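K.L.:
Let me give you the structure first, and then I'll get to my questions.
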Amino acid sequence: MLNGHEPVEFREKIRIVIAISLVVFCVLIMRLGYLQIIKGEEFKKKSENNSIRFRQIKPLRGLIMDRYGNVLVDNKPSFDVFYIPNKNKANKLSVEKLRELYESKSIDFPFDQSLLKNANPYLPVKLDKNVSMEKVALVETNALNLPGIYVDVSPIRLYLDGEILAPVIGYTGEISKEEMEKNDKYTYGDISGKHGLERFFDEYIRGHRGAELVEVNVYGRKIKNLGRIDPISGYNMLLTIDAELQKAAWEAIEGKAGSAVVMDPRDGSILAMVSSPSFDPNLFNEGISNELWNKLQNNPFAPLSNKAISGQYPPGSTYKLIVAAAALEEGIITPDTKIFCNGFFTLGNRTYRCWKKGGHGHVTLHQAIVGSCDVYFYTVGKMLGVDKIAEYARRFGLGELTGIDLPNEKKGLVPTKEWKLEKKKEVWQMGETISISIGQGFDLVTTLQLANAYGTFANGGTLWRPYLVKQIQSIDGKVLKEFFPVKKGELHLSAKTIEIISDALRGVVNEPGGTGQRAKLLGIEVSGKTGTSQVMGLPDNEKARRRKILGSFKKDHALFVSYAPSRNPEIVVAVILENAGGGGSVAAPVARKILSAYFEGKNKVKQTREIAQNQRLN
C-alpha cells in the first residue's frame with residue numbers, strides 16, 4: 001500500500017504494473033465482446049453443427065459349429081441408417097428429405113416419423129436396418145443434403161443352413177424393454193438370442209459391447225476420435241449335431257408337418273433334430289414386418305415352434321413297449337401267455353377295436369408286439385391298472401422334462417387316478433385304462449421323450465439327459481467349458497425282460513407280418529415300433545370313412561421309433577408326423593432314410609480315416 005513514504009523509484013514501478021494490467025484487461029474485454037457479439041451467431045451454428053456422438057460397438061456373436069467343426073452360424077456386416085435428432089433446423093428436415101429420396105427410387109420408407117416427437121436428442125435413432133448397397137449409396141451420395149443422417153455398420157447373424165436348423169438354433173434380435181428390465185447386463189440397442197440355442201446360451205455367445213466417443217460435423221462425418229473401448233467377441237459353441245445327418249433328416253421328412261430326433265443312446269447326445277415346417281431365421285435380421293410375423297404366428301402348422309420338444313402327442317402303439325415291460329416285471333404275463341384277438345375287446349357296453357379288423361387270433365407277447373395287436377394290450381393293461389402303467393412310464397422318462405439345453409420344452413402327460421381327480425375332479429374309469437394301454441386317451445409325449453425312452457431301453461437301462469452342446473470355446477479354439485453325459489436314472493428291468501422285448505422289437509422290422517418292415521435296412525439290423533395315434537375317437541376304424549368325414553388336422557398321427565444296430569445300438573431315431581396316417585406306412589420310411597444316411601456317413605468317415613492313415617504310412 002502506498003502511503004507516501006516509499007522510495008520514488010518503487011512508486012514508479014507500481015504505476016507501470018497497474019497500467020499494463022489495465023491494458024490487458026481492456027484487450028480481454030474487447031476480445032470477449034468480439035466473440036460474443038460480432039462472432040456469436042457464427043460460433044453458435046458451429047456448436048450446433050458439431051456434436052459429440054456416443055457410438056455403441058456391437059460385438060461379434062460366437063460361431064455355432066456342428067460336432068465336426070463345420071460352421072452353421074456365422075456373422076456378416078449389416079449397414080444401418082441412423083439419425084441424430086438435435087436442435088438444428090436443417091437436421092429436422094433431413095428425415096423428410098430421406099423419405100422423399102426413397103420414394104423417388106420407388107423404395108418404401110420403413111420409419112414412422114411420428115416417433116421422432118419423443119426421441120432422445122442425445123441418442124441416434126435407427127431409420128432403416130440391414131439396408132442394401134443401393135440404399136447405402138443413396139444416403140452417401142446425398143450426404144450434404146441430409147445433415148444428421150449417417151450410415152453405420154454392425155455385425156448380424158448369418159444362418160448358413162436357414163430353415164433346416166432354425167427351430168433348434170433359433171434367431172436373434174434387438175433387446176426388448178422387458179428384457180432390459182429383467183437383466184441389467186443389457187442396454188439399449190443390444191442384440192440377444194430370442195429362440196433356441198441362441199437364447200439358451202446367450203450369456204456365452206453374445207460377447208460384450210464396446211463404445212467410442214467421436215466428434216462429428218453436421219453431416220455426421222467423423223472429425224475426431226475422443227476415446228474407444230473395443231468390443232469383446234462372444235465364445236464359439238460346438239454342438240453334438242451332425243450337419244450332414246441333420247440335412248438328411250430334413251430331406252427325409254419331405255415337408256410334412258412333424259418332427260424327428262436322432263440320438264446316440266450311449267450318452268444322450270443329439271445327432272439331429274428336425275421340426276417341420278420351419279422358418280428362415282435370416283428374415284429377422286432385416287426387421288421382420290408385422291404382416292410376415294403375424295403370418296408365421298397364425299400358421300396352423302406352427303413353424304416357429306420346435307415340435308421335437310414342444311409338440312405333445314398321444315404315443316399310440318409305441319407305448320406298448322412300456323406296458324409290455326410292466327406286465328413282464330410284475331408277473332402279469334409270461335412270454336408264452338396267449339391272448340385271443342378276434343378284432344375287438346368288450347368292456348361293459350363299449351367295444352374297443354383292434355386295428356386289424358379280423359383280429360390276430362391267439363398271440364403271445366412277441367407276436368402282439370410284432371403285429372401290434374391292440375386287443376392283447378387292452379387285456380394286459382386292464383390287469384395292470386393305470387397307476388402301475390404310469391409307474392413304469394416314468395421310469396422311461398415320460399411325463400417329465402428331459403432337461404435338454406433348449407427353452408420351451410414340454411413335459412407331456414402320464415395320467416394317474418390321482419391326476420384325474422385333481423385336474424378333472426372326476427374318478428378314473430376302467431375304460432380310460434383300456435385306452436391308455438395302447439397309448440391313447442390322456443397320454444402325451446414329445447418326439448424327444450420317445451427317442452430318449454427307446455434309447456434307455458436300447459442301452460440296457462440307463463436314462464440319460466439329452467444334450468446338444470459339446471463345448472464352449474474361445475475364438476482361438478481353447479476349450480472353456482465342456483459338457484458331459486448326465487445320468488438321470490435307471491430302468492431297473494431284468495435282463496430277461498429286456499431280452500424278450502428286444503427280440504420282439506427286432507421282429508417288428510425284420511419278421512413277416514411286422515408292422516415296421518418299411519424301416520428295414522440291407523446289412524444293418526434295425527429294431528423299432530410303429531404307432532398310429534388318433535386325434536379324435538370314431539365309432540369305427542374304417543380308414544376311408546375317416547378320410548371322408550375328417551379334415552386334414554384330424555387325421556391320425558404317424559409314429560415310428562427305432563434303434564440300430566439291434567444288438568449294439570449306436571443310434572435312435574424317433575419320428576412323429578402330424579395327421580399323416582399310419583406309422584408303418586408313413587413314418588417308418590422316413591426313419592429308414594435317416595438310418596441309411598447315418599450308416600453311409602459313418603462308412604465315409606471310416607474310409608477317409610483309412611486313406612489318411614495309409615498316406616501317413618507311405
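None of the figures in this text is laboratory data; all of them are computed from the coordinates on show. What you see is a predicted model; the values in this text were computed from it and never measured. Neighbour counts are summed over all protein chains in view; Cβ atoms, including those assigned to glycine, are modelled from backbone coordinates with ideal geometry.
K.L.:
Could you pull out every residue, at least 5 positions away or on a different chain, whose amide H is within less than 5 Å of the one on Leu158? Hs are placed 1.01 Å off N in the peptide plane, and Pro or chain starts have none.
P.N.:
For Leu158, the qualifying residues are Asp74, Asn75, Lys76.
K.L.:
May I pose another question? In the chain, what % of DSSP beta bridges are antiparallel (nearest 5)? Working shown, then result.
P.N.:
Working: 79 of 82 bridges.
Antiparallel bridges: around 95 percent, rounded to the nearest 5.
K.L.:
Which order, highest average first, do 465-476, 66-77 follow once you tally other Cβ atoms within 10 Å for each residue and take the mean per peptide? It would help to have the intermediate numbers written out before the result.
P.N.:
On the way: 465-476: 18.8, 66-77: 16.1.
Packing proxy ranking, top to bottom: 465-476, 66-77.
K.L.:
What's the local net charge at Pro485, with K and R +1, D and E -1, over the other residues with C-beta under 12 Å away? Numbers along the way, then the final one.
P.N.:
Working: positive: Arg266, Arg465, Lys470, Lys487, Lys488; negative: Asp264, Asp267, Glu482.
Around Pro485, the surrounding residues sum to +2.
K.L.:
Given Cα positions, please report Rg to Rh for segment 267-348, the hydrodynamic radius being the Kirkwood one.
P.N.:
Working: Rg = 22.4 Å, Rh = 17.9 Å.
Taking Rg over the Kirkwood Rh, I get 1.25.
K.L.:
With an 8 Å cut-off on Cα pairs and a minimum separation of 6 or more residues, tell me the relative contact order of the chain in percent. Mind dumping the intermediate values first?
P.N.:
Values: 1275 pairs, mean separation 81.7, N = 618.
Answer for the chain is 13 percent.
K.L.:
Can you work out the Karplus-derived ³J(HN,Hα) for every residue in segment 494-500? Use 6.51 cos²θ - 1.76 cosθ + 1.60 with θ = phi - 60°, whole Hz, and x for glycine or proline.
P.N.:
Result, ordered by residue: 5, 4, 5, 4, 5, 5, 4 Hz.
K.L.:
Take the alpha carbon atoms of the chain, find their radius of gyration, then divide it by 2.2 N^0.38 Å using N residues; give the quotient. Before the final figure, lay out the partial values.
P.N.:
Working: Rg = 35.3 Å, N = 618, 2.2 N^0.38 = 25.3 Å.
So the Cα radius of gyration is 1.40 times the expected 2.2 N^0.38 Å.
K.L.:
Would you grab the residues whose amide H sits under 5 Å from the one on Gly258? Only those 5+ places off in sequence or on another chain, please, with H modelled 1.01 Å from N.
P.N.:
Ser276, Glu578
K.L.:
Mind grabbing the base-10 log of I(q)/I(0) for segment 474-539 at q = 0.16, 0.18, 0.19 Å⁻¹? Debye formula, identical points on the C-alpha positions, no solvent, two decimal places.
P.N.:
Results for segment 474-539 at q = 0.16, 0.18, 0.19 Å⁻¹ read -0.79, -0.85, -0.87.
K.L.:
Tabulate in residue order the Karplus-calculated ³J(HN,Hα) for segment 401-411, using 6.51 cos²θ - 1.76 cosθ + 1.60 with θ = phi - 60°, rounded to whole Hz; enter x for Gly and Pro.
P.N.:
5, 6, x, 4, 7, 9, x, 6, 6, 9, 9
K.L.:
Would you grab the residues whose amide H sits under 5 Å from the one on Phe344? Only those 5+ places off in sequence or on another chain, please, with H modelled 1.01 Å from N.
P.N.:
It is Cys354, by chain and number.
K.L.:
Compare the peptides 203-216, 180-193 by average per-residue count of other Cβ atoms within 10 angstrom and give them in order, highest first. Walk me through the numbers before you get to the answer.
P.N.:
Details: 203-216: 16.9, 180-193: 14.6.
With the highest mean Cβ count within 10 Å placed first, the list reads 203-216, 180-193.
K.L.:
Going by average Cβ density within 10 Å per residue, which order do the peptides 272-279, 93-100 take, highest to lowest? Mind showing how you got there, number by number?
P.N.:
On the way: 272-279: 24.9, 93-100: 16.9.
Order by mean packing, descending: 272-279, 93-100.
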